[in-house]
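The values are calculated or read from the model by the stated rules, or taken from the named source; none is laboratory data. This is a predicted model, so every value here is computed, not measured. Cβ placement follows ideal geometry from the backbone for every residue including glycine, while neighbour counts extend to all protein chains displayed. Side chains are part of the model used for accessible areas, which takes the heavy atoms of the whole protein and leaves out ligands, DNA and RNA. Shrake-Rupley method; radii C 1.70, N 1.55, O 1.52, S 1.80 Å.
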Amino acid sequence: MCLIAFAWRPDHPLPLVLAANRDEFYERSSLPLGEWADAPGLYAGRDLQAGGTWLGVSRDGRFAALTNIRDPRQAKGPRSRGELPVEFLRGALDAEAFLAGLRPRLGDYSGFNLLLGDRRRLFFFNSEEGCARRLAPGLYGLSNAQLDTPWPKVLRATAHLAGSLADPHPQRLLDLLRDERRPPRELLPDTGIGLDWELLLSSMFIVGPGYGTCASTALLLGADGGVQLVERRFDNRGVPAGEVSIRLPG
């Protein structure tokens, strides 16, 4: 993923409400959201180049999401970051134990952020920090830097989500992600990729030459373990190209 806004409310009937956009090069093929034939009980989209995913859930109500850290100076890891959500969702370890076991292997991956949890606990992990943080209840935003880094699109996404929490219907969450407005240039971050790319990547929803928002995802995780997960896919013009909805009972 490249943009995630989420409300974490462990004492609420809907502990996790999340809206996220996945941005990618259009030529990088992926499968839409679905249950994996080789991992029954795992529901996610699938990157066909490296075999991993960017966001998924398991039948028992576990959740995982990944964003990359944008830093052209970082060393490129030999393994795909997308395998990490899959490894967690297919395994038996809880989030805290999984992240403890991940620390010795951080050199295998380029920089990343991980959100892992279930309806009771949610953890954030930044590979540059190398330590897991259990999240307190609150409203959060994450893109390709640290959690709650105040990039304009992160602030806009969390504000949109806050205005939707009274009735967090999946379609409403997907619609709020379709914001193509770009901030003034003086508000852009400087991540070392040049002004043209900073401007292209500055909107919540991206339509660019060869690169853009390929999918939007809405997730509602219930206190009873029930899951509602909806993915809307887009073509290289930003036109909706299909939608998948999955509902798992608690």
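So if I place +1 on the C-beta of Lys and Arg and -1 on the C-beta of Asp and Glu, and nothing else carries charge, what would the dipole magnitude of the chain be about its Cα centre? I want it in debye, nearest 20.
On the way: 30 positive and 30 negative charges, 29 e Å.
In total the dipole reaches around 140 debye.
Taking the simple approach of a point 7 Å from Cα along Cα-to-Cβ for both A39 and D108, what is their distance in nm?
Calculated label separation equals 1.4 nm.
Out of the GluC sites (Glu not before Pro) in the range 147-250, which ones are loop residues according to DSSP with at most 15 other C-beta atoms within 10 Å? Could the numbers behind the result be given before it?
Details: sites: E180, E186, E198, E231, E243; in loops: E180.
In loop regions of the range 147-250 (DSSP not H, G, I, E or B), the sparsely surrounded GluC sites (Glu not before Pro) are E180.
For a quick protection proxy, order the peptides 122-135, 1-14 by their average other-Cβ count within 10 Å, most packed first. Can you show the working numbers first?
On the way: 122-135: 16.7, 1-14: 19.7.
Going by the mean number of other Cβ atoms within 10 Å, highest first, we get 1-14, 122-135.
Given a 1.4 Å probe, how much area per residue of the range 1-94 is accessible, in Å²? Intermediate results must be reported in sequence, preceding the final value.
Numbers: 4010 Å² over 94 residues.
Accessible surface, normalised per residue, equals 43 Å².
According to the square roots a ≥ b ≥ c of the eigenvalues of the Cα gyration tensor, what is the shape class of the range 113-238, taking rounded for a/c under 1.5, prolate for a/b larger than b/c otherwise, and oblate for the remainder? Show your work: numbers first, answer last.
Values: a/c = 1.88, a/b = 1.28, b/c = 1.47.
It comes out oblate by the Cα gyration axes.
Please give the FRET efficiency for R90 paired with R9, using the beta carbon to beta carbon distance and R0 = 35 Å, rounded to the nearest 0.05. List each step's numbers first, then the result.
Details: r = 27 Å, r/R0 = 0.77.
So the FRET efficiency works out to roughly 0.80.
Got a sec? Charge dipole of the chain, +1 on Cβ for Lys and Arg, -1 for Asp and Glu; which of L116, A50, I246 is way out at the positive end?
Of L116, A50, I246, it is L116.
From the square roots a ≥ b ≥ c of the eigenvalues of the alpha-carbon gyration tensor of the range 2-248, which class results: rounded (a/c under 1.5), prolate (a/b over b/c), or oblate?
Working: a/c = 1.29, a/b = 1.14, b/c = 1.13.
In terms of gyration-tensor shape, rounded.
Tally Lys and Arg at +1 and Asp and Glu at -1 over the other residues with C-beta under 13 Å from the C-beta of R73: what net charge comes out?
Working: positive: R70, K76; negative: D71, E128, D190.
Combined, the nearby Lys, Arg, Asp and Glu give -1.
Using the Kyte-Doolittle scale, find the helices of the chain whose mean hydropathy is at least 0.5 and whose Cα atoms extend 27 Å or more along the helix's long axis, counting only whole DSSP H runs. Could you put the intermediate results ahead of the total?
On the way: long enough: none.
Flagged H segments: there are none.
Suppose the chain between A241 and Q49 were pulled fully straight at 0.36 nm per residue; how much longer would it get relative to their current alpha carbon spacing?
On the way: separation 192, 0.36 × 192 = 69.12 nm, distance 2.03 nm.
Fully extending the segment from A241 to Q49 adds 67.1 nm.
Give me the number: length gained by fully extending L139 to A159, i.e. 0.36 nm times residue separation minus the C-alpha to C-alpha distance, one decimal in nm. Write down the numbers at each step before the final one.
Numbers: separation 20, 0.36 × 20 = 7.20 nm, distance 0.92 nm.
Going from the current span to full extension adds 6.3 nm.
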